[in-house]
Amino acid sequence: MKALQPGSSLFVLFAAAAAAPAAPAAAAADTQSLPEEDGVLQLTTEDFNTALRKYQQLLVHFYTPLYQEGLRVKAAFEGAASELQGSEVKFAVVDVTKEKDLAKELNATSSAGIRLYLDGDKYNPVPCPVPQNSASIVTWLKRRAGSAADLITDLGQLETSEEVTVVGFFKELDHDYVQVFYSAAIDLPDMKFAVTQNSEVIRKYGQTHDVVLLLKKSKTIQVHKITPLTSKEDLIVFITVFSMEPVTEYTGKTASQILSSPVLNHLLLFIRKSSADFQEIYSAFTNAALAFRLKILFVLVNVDESRNGRLMEYFRVKDFEAPLVRMINMTDQVTFQLPSDYPDEETVKQFCQSYLDGKAKPKMRSEPIPERWDEKPVKELVGLTLEKVGFNPNKTVFVLFYVPYSQRSQALFPLWEDLAKALKHREDVIIARFDASANDINMSMQGPYPTLYLFPALCSERMVFYTGERKLKDLLVFLDEEMEKAKKYRVVEDEERKKYMDALNAEKAKRANKQSKDEF
């Protein structure tokens, strides 16, 4: 970006140091040279206090190198620094991976944190909202230095804008309501804000004074009446929520917007946009979203998109489970799963309301181990026992992975009981089932549920996916065939293990013999 030119509004707002009031004596006396790169201070623990004394406005980016989000913020920070060279705001960076003591002292461990230090106050900085780009930082600083009068705009210039514009209709600019509005504008630098006192314009939109409108292409998206009880936080929630679509797709562009939303309850729909029923499910999800706009943020995650793999991994969602709906609270990170195979509008609404009422059942890493779980013909496994039981090298374990709300899963329960009874005399075989909706599965799976896996009695951790007919006779034949295969594999395993142990013992004996000779 090019540097500010004399006469520009920002140049006036951030007057050059030569035209600014004389610096405090302490700063004037401090002539220590500080390391810079492209006009940005490269601060360390040793010279941080010096920079605070020297500059009345010090904007510091605490960053972690190579962190993806941090790199984006770093690029925005450097762009703003270039544009505001010569202003009263001095830009500086601190590498928190190197300056750990300073980061700990200032509680500045966030890899994308930007703070504005004023008049040398080390412990009461003003946090800068996470920027989308360099313009975000410039706008934030500009609005901090300005007033609501700077937002007075001819709305005719904005009525064709594709972007959402936040417009305040006010009669007097010195009213407390205006200050609330302007405070929200400072904290939302990526949003367009405008103010009008024009009575004709206000009547055109059918409104009165002291109203905030969200406009897009001259159409009113939403209206908010400001009252003495309206706080800056209330206004920010209103603006943030209604400037987004009822359902926001998770992408690289929307990720920060979603994660920084003041609405902390997020409902995620994992679905393939290529699926035949996508439009029907999406429409139902959108209709449900309209009923919870200020309480729950509705998010769509496209399972077809490979870049969403990390998000799916975090939530432990398998691609074959789609469509799947999960609720998460961003404060405590507790997740809840929609107890239904198909997310229709009414089911989603009931789930959301049960969650808000505190009645929904959380999805845990593992349910508690049931009492006497191994005494029934069909053993009930949970997250804590699945791998321990399944990978027992001396047992063949056949597991039904199910979700309790699925009719297809429920239909298999009698068959699984019959299988367990048919094999009750076999001490080397375990028939079990596992609730995949209530417990996490930390292994590669194929689906959809219900799905059947055999864990052979081997030292190597193997799983065999059953694809045959779901009939008792077929299951017994499959079990016998896989157990015969496992016996052959086990012979090979035992031979390999013996070779390994013999080689290990020989090496130990060789070292012991050498040590004995050295001592002699």
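The values are calculated or read from the model by the stated rules, or taken from the named source; none is laboratory data. In this text, all values refer to a predicted model and were calculated from it rather than measured experimentally. Because the Cβ atoms are built from the backbone with ideal geometry, glycine has one as well, and the counts that use them run over all protein chains shown. All accessible areas refer to the heavy atoms of the entire protein, side chains included, with ligands and DNA or RNA removed. Shrake-Rupley method; radii C 1.70, N 1.55, O 1.52, S 1.80 Å.
Tabulated results
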{"item": "Note, ³J(HN,Hα) from phi for the range 89-104, Karplus 6.51, -1.76, 1.60, rounded to Hz, x at Gly and Pro", "result": "8, 9, 8, 8, 10, 9, 7, 5, 6, 9, 9, 5, 5, 5, 4, 5"}
{"item": "The range 263-365, Rg to Rh (Cα coordinates; Rh as Kirkwood inverse mean 1/r)", "result": "0.93"}
{"item": "Order by protection proxy (mean Cβ within 10 Å, highest first), peptides 142-150, 502-510", "result": "142-150, 502-510"}
{"item": "For the chain, projected area of the alpha-carbon convex hull averaged over all directions, nm²", "result": "38.2"}
{"item": "The range 152-270 - share of DSSP beta bridges that are antiparallel (%, nearest 5)", "result": "65"}
{"item": "The range 393-496 - Rg over Rh from alpha carbon coordinates, Kirkwood radius", "result": "0.97"}
{"item": "Angle between the chain longest axis and helix 176-187 axis [Cα atoms, degrees, rounded to 10]", "result": "50"}
{"item": "Lys, Arg +1 and Asp, Glu -1 on Cβ, resulting dipole of the chain about Cα centre, debye, nearest 20", "result": "880"}
{"item": "Reachable lysines from K104, criterion Cα separation under 21 angstrom, eight or more residues apart if same chain", "result": "K74, K122"}
{"item": "Integer Hz, Karplus 6.51/-1.76/1.60 couplings in order for the range 277-292, x for Gly and Pro", "result": "9, 4, 4, 5, 5, 4, 4, 5, 5, 5, 4, 5, 4, 4, 7, 10"}
{"item": "Rg in Å to one decimal, and Dmax rounded to a whole Å, for the range 365-447 via C-alpha atoms", "result": "12.4, 34"}
{"item": "Whole-number Å³ per residue for the convex hull built on Cα positions in the range 319-358", "result": "73"}
{"item": "Average silhouette area of the range 443-482, convex hull of alpha-carbon atoms, in square nanometres", "result": "3.2"}
{"item": "Accessible surface, the chain, averaged per residue in Å² (probe 1.4 Å)", "result": "54"}
{"item": "Value of [θ]222 nm, deg cm²/dmol, for the chain, DSSP H segments ≥ 4, -39500 (n - 2.57) each, nearest 500", "result": "-11000 deg cm²/dmol"}
{"item": "Beta bridge orientation in the chain: antiparallel %, DSSP, nearest 5", "result": "55"}
